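> What follows is a structure written as structure tokens; I'll ask about it next.
Just so you know, all these numbers are worked out from the coordinates, no wet-lab data involved. What you see is a predicted model; the values in this text were computed from it and never measured. A quick note on method: Cβ atoms are made from the backbone with ideal geometry, for glycine too, and the neighbour counts reach across all protein chains shown.
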Amino acid sequence: MTLKEDKNKIKNGLYIVSTPIGNLRDITLRALDVLKKSDFILCEDTRISKRLLSHYEIHTKLISNYKFNETKNLEKVVNIINEGQIVSLISDAGTPIISDPGRLLINRCIDEKILIVPIPGPSALTASISISSFSDQFYFHGFLSDKLNSIRKEFDIFRNLKCSIIFFISAQKLNKRFEIIKEFFLDREILICREITKIHENFYRGKV
């Protein structure tokens, strides 16, 4: 084996691979290399993942891994890795695990002393804070609850935070939640990032 070939070899284990949040060109060369060399790729929606993988002519076998079957997949995936194979985990968009399935597998791999490697890349979280002009000290909450009482409890805590506050919410739900947002954050600056990196990308700035 030549030195060049040895450098290109990756160890067996679990690779947490970041994928584009919209624009398919927003993927690293290293991410493409790892996905091509993986024996299996865990993904949320195989239809969404196939679009990305087909674009880059990656034919690695896919295993569907979403909120309601990730527990069922644990033994299977751990056994695959322990057999000396390489498994990558991707989400539908962005950096896996953050508000997405995968934490159960991470914990299991830690228990099994399996190698876990992050392959950094796109993230809606860092993309939004980078253009906000707000404090780079921030609290990330993830998706807001669907229940108004829970949102009130969350916002009652949030409003005392002096840092930037980031949460995910769909456009439809945001329109329905503006009254409660005004109730708690009327004088604060707000940045709404919509369709980041996509054709219809928009950013709305101003006071709540």
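> When the Karplus curve 6.51 cos²θ - 1.76 cosθ + 1.60 is applied with θ = phi - 60°, which whole-Hz ³J(HN,Hα) does each residue of the stretch 154-160 get, with x for Gly and Pro?
Karplus values, whole Hz, x for Gly and Pro: 5, 5, 5, 7, 4, 5, 8.
> On to the next question. Averaging sequence separations of C-alpha pairs under 8 Å and six or more residues apart, then dividing by the length of the stretch 124-207, give the relative contact order as a whole percent.
26 percent
> Then there's this: For q = 0.14, 0.15 Å⁻¹, what log10 I(q)/I(0) does the chain give under the Debye formula with an equal point scatterer on each alpha carbon and no solvent?
So the normalised log intensities are -0.92, -1.01.
> I've got another one for you. Take GLN137 and ARG51, extend 7 Å from each Cα along the Cα→Cβ direction, and tell me the distance between the two endpoints in nm.
Going by the 7 Å Cα→Cβ label model, 4.0 nm.
> On to the next question. Which whole-number percentage describes the relative contact order of the chain, with Cα contacts under 8 Å and a sequence gap of 6 or more?
Relative contact order, the chain: 22 percent.
> Neighbouring Cβ atoms within 10 Å as the yardstick, rank LYS37, LYS11 fewest first.
Starting with the residue having the fewest Cβ neighbours, the order is LYS11, LYS37.
> Report the extension gain between ASP33 and ILE169 in nm, rounded to one decimal, defined as 0.36 nm multiplied by the number of residues separating them, less their alpha carbon distance.
Residue separation times 0.36 nm, minus the Cα-Cα distance, leaves 45.7 nm.
> Given the Cα-Cα distance of ILE157 and LEU191 and 0.36 nm per residue of separation, how much length would full extension add, in nm?
10.3 nm
> What number, in percent, do you get for the relative contact order of the stretch 37-140 if the mean sequence gap of Cα pairs under 8 Å and at least 6 apart is divided by its residue count?
Relative contact order of the stretch 37-140: 27 percent.
> Could you give the angle, 0 to 90 degrees to the nearest 10, between helix 70-82's Cα long axis and the longest principal axis of the Cα atoms of the chain?
Roughly 40 degrees, rounded to the nearest 10.
> Please grab the % of Cα pairs in the stretch 124-207 that end up more than 21 Å from each other.
Within the stretch 124-207, distances greater than 21 Å cover 26 percent of Cα pairs.
> Can you find, among ILE98, LEU35, PHE185, the residue farthest towards the positive end of the dipole of the chain? Put +1 on the C-beta of Lys and Arg, -1 on that of Asp and Glu.
PHE185
> Also: Arranged by the count of other C-beta atoms within 10 angstrom, fewest first, what order do CYS163, CYS43 take?
CYS163, CYS43
> How would you rank THR71, THR28, THR19, going from fewest to most other Cβ atoms within 10 Å of each one's own Cβ?
THR71, THR28, THR19
> Would you kindly derive the ³J(HN,Hα) couplings of the stretch 108-116 from the backbone phi angles with the Karplus curve 6.51 cos²θ - 1.76 cosθ + 1.60 (θ = phi - 60°), listing them in order in whole Hz, with x for Gly and Pro?
5, 5, 4, 4, 7, 6, 8, 4, 10
> Right, here's the next one. Determine the dipole magnitude for the stretch 1-144: charges of +1 sit on the beta-carbon of Lys and Arg, -1 on that of Asp and Glu, nothing else is charged, the reference point is the Cα centre, and the result goes in debye to the nearest 20.
260 debye
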